[in-house]
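The values are calculated or read from the model by the stated rules, or taken from the named source; none is laboratory data. None of these values were measured; they are calculated from a predicted model. Glycine also receives a Cβ, built like all others from the backbone with ideal geometry; neighbour counts cover every protein chain displayed.
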């Protein structure tokens with residue numbers, strides 16, 4: 001009796017039980033990883049403007065009150081928007097449609113800078129988007145570009161431009177931008193002098209993928225699970 005009180009417990013090892021638990025654990029783990037990968041933030045569209053915007057799907061437009069002329073091109077690393085002649089102000093824009101189908105929680109990042117020559121309060125860089133009900137301004141920064149919403153400018157004229165590429169630090173769009181096949185963006189530079197150049201350095205749209213794992217991934221997990229289960233069955237037959 002005394003010896004039995006200190007007897008070491010015996011745990012029966014069941015290959016069948018272990019195999020079934022291991023199979024469930026493995027399949028569930030792989031499925032979880034697949035779902036997590038599907039929900040990660042991903043780049044929907046990006047452009048570093050190393051080539052002319054028109055060659056990458058952007059529509060280029062210029063408008064002015066008189067015969068003012070402008071130019072939109074790439075210098076190999078940025079899109080350059082500049083006034084080339086005339087006495088009135090000129091508005092230069094690039095716009096394009098970007099489908100966000102398969103994504104939600106849409107984010108926009110944009111980086112720009114200016115030439116050194118002085119800018120006035122009515123010079124500005126603006127970012128807009130259109131989810132189907134007309135363009136909405138996300139940010140307009142007047143005079144010296146700092147990447148923040150500042151439609152009143154800096155209060156004085158002739159300030160030097162910001163020659164350092166400066167980001168808007170990401171702007172989140174509303175739910176109307178989610179899963180939108182015809183989401184539009186428009187980038188604008190409004191200038192009054194031929195010495196004022198604006199540079200669009202980069203533009204990126206990102207979001208969280210909403211798609212479930214691809215059928216091929218689910219099929220692979222199913223086949224893997226069946227294969228392991230079959231192996232467990234064979235092991236159980238010989239035990």
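Against the condition within 30 Å of residue 52 (Cβ to Cβ), at pLDDT 95 or above and either touching a helix residue (DSSP H, G or I) at 6+ places or on another chain (Cβ under 8 Å) or surrounded by fewer than 17 Cβ atoms within 10 Å (Cβ to Cβ) (or both), how does residue 174 come out, does it pass?
Values: within 30 Å of residue 52 (Cβ to Cβ): no; at pLDDT 95 or above: yes; either touching a helix residue (DSSP H, G or I) at 6+ places or on another chain (Cβ under 8 Å) or surrounded by fewer than 17 Cβ atoms within 10 Å (Cβ to Cβ) (or both): yes.
No: the conditions fail for residue 174.
Right, residue 96: closer than 20 Å to residue 54 by Cβ and either buried (at least 21 other Cβ atoms within 10 Å of the Cβ) or at pLDDT below 95 (or both) or not? Walk me through how you get there before you give the answer.
Details: closer than 20 Å to residue 54 by Cβ: yes; either buried (at least 21 other Cβ atoms within 10 Å of the Cβ) or at pLDDT below 95 (or both): no.
Judged against the criteria, residue 96 is not a match.
Can you name the residue in the range 42-95 that is in a strand (DSSP E or B) and in contact with a helix residue (DSSP H, G or I) (Cβ under 9 Å, 6 or more places away or on another chain) and is also farthest from residue 190 (Cα to Cα) among such residues? Steps first, please.
So in the range 42-95, the residues in a strand (DSSP E or B) come out as 42-47, 59-64, 69-74, 79-85, 90-95.
With in contact with a helix residue (DSSP H, G or I) (Cβ under 9 Å, 6 or more places away or on another chain) added as a condition, the list becomes 47, 59-60, 72-74, 79, 94.
Working: 47: 21, 59: 16, 60: 14, 72: 12, 73: 16, 74: 18, 79: 15, 94: 12 Å.
Here the residue is 47.
Quick check on this structure: which one of 91, 137 is at pLDDT 95 or above and closer than 24 Å to residue 51 by Cα? Can you show your working first?
On the way: 137 fails: closer than 24 Å to residue 51 by Cα.
Being at pLDDT 95 or above and closer than 24 Å to residue 51 by Cα holds for just one of 91, 137, which is 91.
Hey, among the residues in the range 74-93 that are surrounded by fewer than 15 Cβ atoms within 10 Å (Cβ to Cβ) and within 27 Å of the chain's Cα centre (by Cα), which one's nearest to residue 204 (Cα to Cα)? Spell out the reasoning first.
Just the residues of the range 74-93 that are surrounded by fewer than 15 Cβ atoms within 10 Å (Cβ to Cβ), to begin with: 75-77, 84-85, 87-88.
Narrowing the set further to residues that are within 27 Å of the chain's Cα centre (by Cα) leaves 75-77.
Details: 75: 19, 76: 18, 77: 15 Å.
Filtering the range 74-93 for residues that are surrounded by fewer than 15 Cβ atoms within 10 Å (Cβ to Cβ) and within 27 Å of the chain's Cα centre (by Cα), the one nearest to residue 204 (Cα to Cα) comes out as 77.
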